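Each remark here refers to the structure printed beneath this line.
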Amino acid sequence: MFRRLHAVRASMDRLTDRGESASIRTPPTRTVILAMVAATAVVVAVGLLTANPVFLLGLLVFLPAFAAALCNPRQTALVSAWVSAVVLVPVVLQPGGELIDDAVLALLVVAFDAMAVYGSRVRITREEELVRLRSSAAAMQRQILRPLPVLTDDVLVDGVYEPVQQDELVGGDIYEVAATPWGTRVLIGDVQGKGLAAIGAAMAVVGAFREAAHREATLTALVDALETAVVRHNDNSGQRGEPERFVSALVVGVDKGAEAQIVVCGHPPPYVLHDEAVTTVATQQEHVPLGLGALVDEPRMVSWFAFPAGSTLLLCTDGLTEARALGGGFYPLEARLGGRTDITASRLTRSLVADMRDFTAGTQQDDVAVLAVRRSPHQPPELHSDGVLPVDALR
C-alpha cells in the first residue's frame, strides 16, 4: 500500500539583529567586529614596516564598502565609525600636517562612510521587497499547484515542477489531481507564455478542472469545461488589451479497471512503464489546444489505453521533451526511460530532470513539469476480449 509523504519545513533562519527579517541573511555582529579588527591589525602591521603608515591606513576606507554589500545598516555604521576613528585620529595627531589636507581627508572619509550606510539600507530594503514578492509568489503557487505527492484510492502521483525563471516560482506549466466518484483524474498542461504573464490562464484552467472534475461524469465533458474556461479568460483578457492564450493539455482518467482514459489537446503523449517496457500511449485522435476548439469541427474524443497493476504513467510538458543539448539535439526521453522502469515515482521524475540538466549542460530553456502516476500493485478486474468488464466485477 502506498503511504503519502509529507514535506515539512522544520527550521527557520535565525535573526542576527533585532528587527531584521529572518529571510535577509547577514553575518553575526561578532563576526563583523572580529573581521574589522583583524583587517585593521593587518593594515597597521604593514604600515609599521613602511615609511608612510598613514597612507596605508587610508586603505581601511574601503572596509565600509564591503560592509555595505554584506551587512545590515547598523553593522555598516559600526564599521564606518571604526574606520573613521582609525584613519582620522592619526592624521589629526600627526605633527606638521596641513589643515586643509586634513579637512579634505576628513570630509571624504565621512562622506564615503555615509554613502556605505545608505547603500546598505537601500540593499536591505530591496532584499526585503524581493522576499515579500517571493512570499506572495509562493502563496500563489500553493493555490495554483497542489503539493506533491498525492495519494488517491487508485494511484500515487508524484513529480517535479521547475519554472525556467526560478525567482518567479510559478511558470506556464500546470498540473492537478482530483479524486472523483468516477476515479482519479489528472491534468497536466502548458500555458502559452511563461512566468507571471501566464498565471491568469493557468488559474483559469486549474480552477475549472478542480470544479468540473467532480461535476462531469465523462472526460470529454470535463475537457469541454476547460475549453470554456480558457475562452472566457481570453475574452476578459481581450477587454483589458492583453493577448489571448491557448493551453496545450492532457487529461487522464484512472479507475479500478485495467485501462485508463485520455484526452490529448495538443500535448506531448505520455508513456506507460511496465515490466521493463516503455510504451508510448497512442490516441485515436489528437485535438487542438484548449482555447482553439472553435477552429475545428471535430469534437474531442476519449482514447483508452492499457494501464495494468503496478505500472507507471509518465506525463510531462515540452520543457522536458524539447530540452536541447549544446549541439542542438533534443533530449531522448523514451530512450532514457528504458533503465528506469522499476524505480519509485519520486525517483523516476527527479532522476529524469537531473539527467536532462546533464544533457543540456545545466541550461533550462523552458518550464519543466513531470508527473509519474503509479498504479497500485493490486490487480484490477480483468477485461473480456471485447473490452467489457465481467458482470461479477461490477458488483
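Figures for the structure shown
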quantity	calculated
Gyration tensor (alpha-carbon) shape descriptor, the range 280-321, a/c threshold 1.5	oblate
Gain on full stretching of the segment that runs from Glu276 to Leu49 - 0.36 nm per residue minus C-alpha separation	74.3 nm
Local electrostatic count at Leu348 - Lys and Arg +1, Asp and Glu -1, tallied over other residues with Cβ under 13 Å	+2
Difference of contour (0.36 nm per residue) and Cα-Cα distance, Arg146 to Thr31	37.2 nm
Other-chain or far-sequence residues with amide H under 5 Å of Thr317's (modelled H)	Ala369
Loop-located GluC sites (Glu not before Pro) in the range 270-335 whose Cβ has at most 15 other Cβ within 10 Å (DSSP)	Glu276, Glu286, Glu322
Separation of the Arg336 and Leu107 label points, Cα + 7 Å toward Cβ, nm	6.3
Anisotropy class of the range 251-360 from Cα gyration tensor, a/c 1.5 cut	oblate
Estimated FRET transfer efficiency (Arg210, Thr360; beta-carbon r; R0 25 Å; 0.05)	0.15
Residue-count net charge about Val117 - beta-carbon cut-off 13 Å; Lys, Arg +1, Asp, Glu -1	+2
Karplus 3J(HN,Hα) series, Hz, for the range 175-186 with 6.51 cos²θ - 1.76 cosθ + 1.60 (x for Gly, Pro)	7, 6, 10, 9, 8, 10, x, 9, x, 8, 10, 10
Heavy-atom accessible surface of the range 174-303: percent carbon and sulfur, 1.4 Å	52
Shape category assigned to the range 184-273 from the gyration tensor of Cα positions, a/c cut at 1.5	prolate
Simple label model, 7 Å out from Cα along Cβ direction - Ala85 to Ala221, nm	7.9
Packing rank of 239-250, 308-319, 103-114, where each peptide gets the mean count of other beta carbons within 10 Å, highest leading	308-319, 239-250, 103-114
Neighbour net charge for Tyr331 - beta-carbon separation under 15 angstrom, K R +1, D E -1	-4
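The values are calculated or read from the model by the stated rules, or taken from the named source; none is laboratory data. On a predicted model such as this, the values are computed, not experimentally measured, just so you know. Positions of Cβ are backbone-derived with ideal geometry, glycine not excepted, and every protein chain shown enters the neighbour counts. For the accessible areas, the whole protein counts, side chains as well, though only heavy atoms, and no ligand, DNA or RNA atoms are used. Shrake-Rupley method; radii C 1.70, N 1.55, O 1.52, S 1.80 Å.
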